[in-house]
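What follows is a set of notes on a single structure, which appears directly below.
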Amino acid sequence: MLAEKRILLIIGGGIAAYKVLDLVRRLRERGARVRPVMTAAAKEFVTPLSVGALCADHVFTDLFDRHAEQDVGHIRLARETDLIVVAPATADLMAKLAQGLANDLASAVLLATTAPVLMAPAMNPRMWAHPATRRNHAQLQADGVTFVGPNTGEMAEAGEAGTGRMAEPMDIVEAIAARLAGGPLAGRHVLVTSGPTHEPIDPVRYIANRSSGAQGTALAAALRDLGARVTFVTGPAEVPAPAGVAVQRVETAVEMLAAVEAALPADAAVFAAAVADWRVANAAARKMKKDGSGRAPALEFAENPDILARVAQMRKGRPALVVGFAAETDDVIAHASAKLARKGCDWIVANDVSPATGIMGGAENAVTILSPDGAEAWPRLPKDEVARRLAAKIAAVLGAGK
Ligand code: C5P
């Protein structure tokens, strides 16, 4: 599976670097060509001699090494590879790439590459849990970097335990194979709507809702990570759109429908947007002013198109899987089951958004997946974990050729 694959292995400076020797051996056994880059700190943990011997290649360490630069050069190192693996990915290497720093060979190669990047972090649990590392991890995921580990358990430091152990070499090999295979959704097109819509009242005022776009954004990123080509149709959301997806920005429900129709056909369509049910039918062309009479203007409403229902009920060219969301404040399951039947979609992802849950605009979500097969309640999880599970479930269905 890895035969003739070119892997650029960036070894960071951490105690887990010794496990990388085993990783190299296993990759080479499977036919991969492993070209090593070591940071200055990595050389304190394993020697370039061992790494070079196991890789049967030159060990690249210095951005300013004239011979190596003439021979291969950091730009060629970055380009002539199928995958870059960073193991152990230290807090420092993660921070550098998240910030776009390039002050040594490893970081310069990471910034110059267009190849996919897989990181196997390893660090002290407190460093992994630090808000700065949390931010960098989230940023790198949004930029399309995939991660394997870290695992939870005993640390090298006596008496320390927690999350921060590097994934085992065989797990890294599997993550490499999966990333090189392109993921289970390779070749599939998935459409995701996200965010709120803004419905104008006049040129400066609009009606909106509290959707941040966090769940739809996380889902688009998770589908991308499984190899899908993702079209992301988003209203004016708070969170930035993920990298590596085709972004279509819209404001109103009517514009969202047009963007969705233009993006079809798709293998699956997931409607995570919080679309306004109504638009102002008598929106003013000029800014409304107080006329001194004390009378408030009367807004008239017209019903917006139900984008999910339209796509779910398409006679021709319907995506194989159509998924809707149901944000409810009461009787969540009953309302969501009724919605499943009424809209004609395959699944409804139902959640309770009553203010006490803190879900709308928050970092976590507790969802129940409803399908004609029944209800599957998931525990309360971070929105990106909900996204990963949902993406995996979508991949399982599309993979089975539903
Ligand atoms: O009917 P309700 O708005 O509760 O349904 C929610 C689901 O329908 C969500 O998946 C939402 O994205 C979708 N929807 C839509 N177009 C609308 C209203 C809702 O696509 N006009």
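Does Ala253 satisfy the condition of being under 25 Å from Phe147 (Cβ atoms) and buried (at least 19 other Cβ atoms within 10 Å of the Cβ)?
The answer is no for Ala253.
Check whether at least one residue in the stretch 283-292 is surrounded by fewer than 19 Cβ atoms within 10 Å (Cβ to Cβ), without any contact (Cβ under 8 Å) to a residue 24 or more places away in the chain and within 16 Å of the ligand (Cβ to nearest atom), and report yes or no.
No, the stretch 283-292 contains no residue that is surrounded by fewer than 19 Cβ atoms within 10 Å (Cβ to Cβ), without any contact (Cβ under 8 Å) to a residue 24 or more places away in the chain and within 16 Å of the ligand (Cβ to nearest atom).
Is there a residue in the stretch 348-360 that is part of a strand (DSSP E or B) and β-branched (Val, Ile, Thr)? Give the derivation first.
The initial filter retains those residues of the stretch 348-360 that are part of a strand (DSSP E or B), namely 348-352.
So of that shortlist, the ones also β-branched (Val, Ile, Thr) come out as 348-349.
So far as the stretch 348-360 goes, yes, one or more of its residues are part of a strand (DSSP E or B) and β-branched (Val, Ile, Thr).
Provide a single number: the residues in the stretch 192-216 that are β-branched (Val, Ile, Thr), open to solvent by 20 Å² or more (accessible area, probe 1.4 Å) and touching a strand residue (DSSP E or B) at 6+ places or on another chain (Cβ under 7 Å). Step through it out loud before you land on a result.
Restricting attention to the stretch 192-216, the residues satisfying the condition of being β-branched (Val, Ile, Thr) are 192-193, 197, 201, 204, 207.
Next, from what is left, pick out any that are open to solvent by 20 Å² or more (accessible area, probe 1.4 Å): 201, 204, 207.
Narrowing the set further to residues that are touching a strand residue (DSSP E or B) at 6+ places or on another chain (Cβ under 7 Å) leaves 201, 207.
Number of matching residues: 2.
If you go through the stretch 148-190, how many residues are touching a residue at least 40 places away in the same chain (Cβ under 8 Å) and part of a strand (DSSP E or B)?
Number of matching residues: 4.
Any idea which of Ala269, Ala259, Ala309, Ala302 is touching a residue at least 60 places away in the same chain (Cβ under 8 Å) and either within 29 Å of the chain's Cα centre (by Cα) or not in a helix (DSSP H, G or I) (or both)? Break it down stepwise before answering.
Details: Ala259 fails: touching a residue at least 60 places away in the same chain (Cβ under 8 Å); Ala309 fails: touching a residue at least 60 places away in the same chain (Cβ under 8 Å); Ala302 fails: touching a residue at least 60 places away in the same chain (Cβ under 8 Å).
Of the residues listed, the single one that is touching a residue at least 60 places away in the same chain (Cβ under 8 Å) and either within 29 Å of the chain's Cα centre (by Cα) or not in a helix (DSSP H, G or I) (or both) is Ala269.
For Val239, work out the one condition from (1) within 12 Å of the ligand (Cβ to nearest atom); (2) of a type in the set (A, V, I, L, M); (3) open to solvent by 20 Å² or more (accessible area, probe 1.4 Å); (4) in contact with a helix residue (DSSP H, G or I) (Cβ under 9 Å, 6 or more places away or on another chain) it doesn't fulfil.
(1)
Can you tell me how many residues in the stretch 111-140 are more than 18 Å from Met166 (Cβ to Cβ) and either of a type in the set (A, V, I, L, M) or open to solvent by less than 60 Å² (accessible area, probe 1.4 Å) (or both)?
Count: 7.
Would you mind finding the one in Ala56, Ala68, Ala40 that is in the same structural domain as Leu93 (by TED's automatic domain parsing) and at pLDDT 95 or above?
Testing whether each residue is in the same structural domain as Leu93 (by TED's automatic domain parsing) and at pLDDT 95 or above leaves just Ala40.
The values are calculated or read from the model by the stated rules, or taken from the named source; none is laboratory data. Predicted model only: the values in this text are computed from it and were never measured. Cβ: placed from backbone, ideal geometry, glycine included. Neighbour counts: every protein chain shown. Just so you know, the surface numbers come from the protein's heavy atoms only, side chains and all, with ligands and any DNA or RNA stripped out. Shrake-Rupley method; radii C 1.70, N 1.55, O 1.52, S 1.80 Å.
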